[in-house]
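Here the structure comes first, spelled out in structure tokens, and everything after it is commentary.
The values are calculated or read from the model by the stated rules, or taken from the named source; none is laboratory data. If you're wondering where the values come from, they're calculated on a predicted model, not measured in any experiment. No Cβ is skipped: glycine too gets one built from the backbone with ideal geometry, and neighbour counts run over all protein chains shown. For the accessible areas, the whole protein counts, side chains as well, though only heavy atoms, and no ligand, DNA or RNA atoms are used. Shrake-Rupley method; radii C 1.70, N 1.55, O 1.52, S 1.80 Å.
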Amino acid sequence: MSKPEHRPDDRSPGFGIYVHWPFCAAKCPYCDFNSHVRHQPVDQERFARAFATELATMRERTGPRTVTSIFLGGGTPSLMQPGTVGAILEAVASNWTVPDGIEVTLEANPSSVEAGRFRGYRAAGVNRVSLGVQALNDADLKFLGRLHDVDEALTAIELARETFPRLSFDLIYARPGQTPDAWRAELETAIGYAADHLSLYQLTIEEGTPFHALHAAGKFAVPDGDHAADLYALTQEVTAARGLPAYEISNHARPGAESRHNLTYWRYGEYVGVGPGAHGRFVGGGTRNVTIAERMPERWLSLVEAKGHGIVDGETLTRSEEADEFLLMGLRLAEGIDLARYEQLSGRPLASERIAVLQDEDLVAPVGNSRLRATPAGMIVLDAVVADLAR
């Protein structure tokens, strides 16, 4: 698991492993992910053993497979010691076949980055890092509750470029008061630092977050729908012109540098999820099974130590549910969906009359004779497009 190999993209869905590290140094006010702040040191050795135990249990459920990508997400995985990362990656390799050179991504925050730790992650087998930069001006970083400033972010980007073969970083746009000119300038700056991949997300107000309460109280406003759509269109224009076109609604890459792990989600592949709050979706016994783990880290840890896993919920999907999920995920991609695979999952083809109506409205377009994609206009109202097609 060293340098990523160049592998021609055959659009196979893949089989990924997702590992959730739930701890953060601080909780960002916009974040609704399963993340927790602990003021005492985390027993990383104990958590690493629990990850290994849960991975072994999941191997019993999936049977032998060949892994196509590994993703360490969170939370803040860069709070892990390199030895913890190494132990987790060894546990993955002891349960499934892990070819040399597959994509192994670790999410990192600029404020928790230092050279020795990055070198340690690289030695452990990480070959791609995803940095949570979020903004390139200090005022907005403070508003977003980030612990780093712009200088720290740029230092982390430079260090990541020196250490890892592949790099991505995130930015959040449609921030309060953000103008198209300001976003264009920030995006151009970001592209100048980017190696091969950017994830660019519109700020959304998620229920249960501090931002939700502040927004409801009128403490700040986000751009309205038309303004947000203009910023989205600008994002597509600038990134495409600079050689990082969108391959998914919010993700942009130089050709060949797309995130293999995220493509597994969007192509409706299979993946095992381990760790507090992690979800998994994999086929076993001829059906697609969903697993959902306990969210609270300490309860998850106790469950794993008691019975070998922390799964507290799940379901077996019907053919109709699989087909709906396939549509929802696949139409996020610029490459669109394979119509024959939809028919295989659902037992029926997409209704040609619905496709025709959406084509007339310039919301979907055929790709040759075998695929269907959402147009740029369709991407903006994708939920409505999916709902229309799935009727």
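Here are some notes:
- Selection within segment 175-194: residues that are in contact with a Phe, Trp or Tyr (Cβ under 8 Å, 6 or more places away or on another chain) and part of a loop (DSSP other than H, G, I, E, B). The member of this set that is most open to solvent (accessible area, probe 1.4 Å) is 176.
- Cross-chain or 6+ apart pairs with Cβ under 6 Å, segment 347-361 first and in a loop (DSSP other than H, G, I, E, B), then open to solvent by 80 Å² or more (accessible area, probe 1.4 Å): 347/319; 349/343
- Scanning segment 221-237 for residues that are assigned to a helix (DSSP H, G or I) and free of Cβ contacts under 8 Å to residues at least 12 places away in the same chain yields 225, 226, 237.
- The residues of segment 92-112 that are buried (at least 22 other Cβ atoms within 10 Å of the Cβ) and under 21 Å from residue 23 (Cβ atoms), listed by number, are 92, 104, 105, 106, 108, 109, 110.
- Residue check for residue 85: closer than 22 Å to residue 59 by Cβ, assigned to a helix (DSSP H, G or I) and free of Cβ contacts under 8 Å to residues at least 60 places away in the same chain: yes
- Cross-chain or 6+ apart pairs with Cβ under 7 Å, segment 309-323 first and closer than 30 Å to residue 46 by Cβ, then among the charged types (D, E, K, R) and open to solvent by less than 40 Å² (accessible area, probe 1.4 Å): 309/54; 310/54; 310/294; 312/294
- For segment 195-220, the candidate set comprises residues that are touching a helix residue (DSSP H, G or I) at 6+ places or on another chain (Cβ under 8 Å) and in a strand (DSSP E or B); within that set, the residue that is farthest from residue 162 (Cα to Cα) is 202.
- Contacts under 8 angstrom Cβ, first residue in segment 163-191 being touching a residue at least 40 places away in the same chain (Cβ under 8 Å), partner open to solvent by 50 Å² or more (accessible area, probe 1.4 Å) and part of a helix (DSSP H, G or I), 6 or more apart: 163/119; 163/122; 164/122; 174/227; 175/143; 176/143; 180/230
- Residues considered: 322, 315, 258. Of these, the only one that is open to solvent by 10 Å² or more (accessible area, probe 1.4 Å) and part of a strand (DSSP E or B) is 315.
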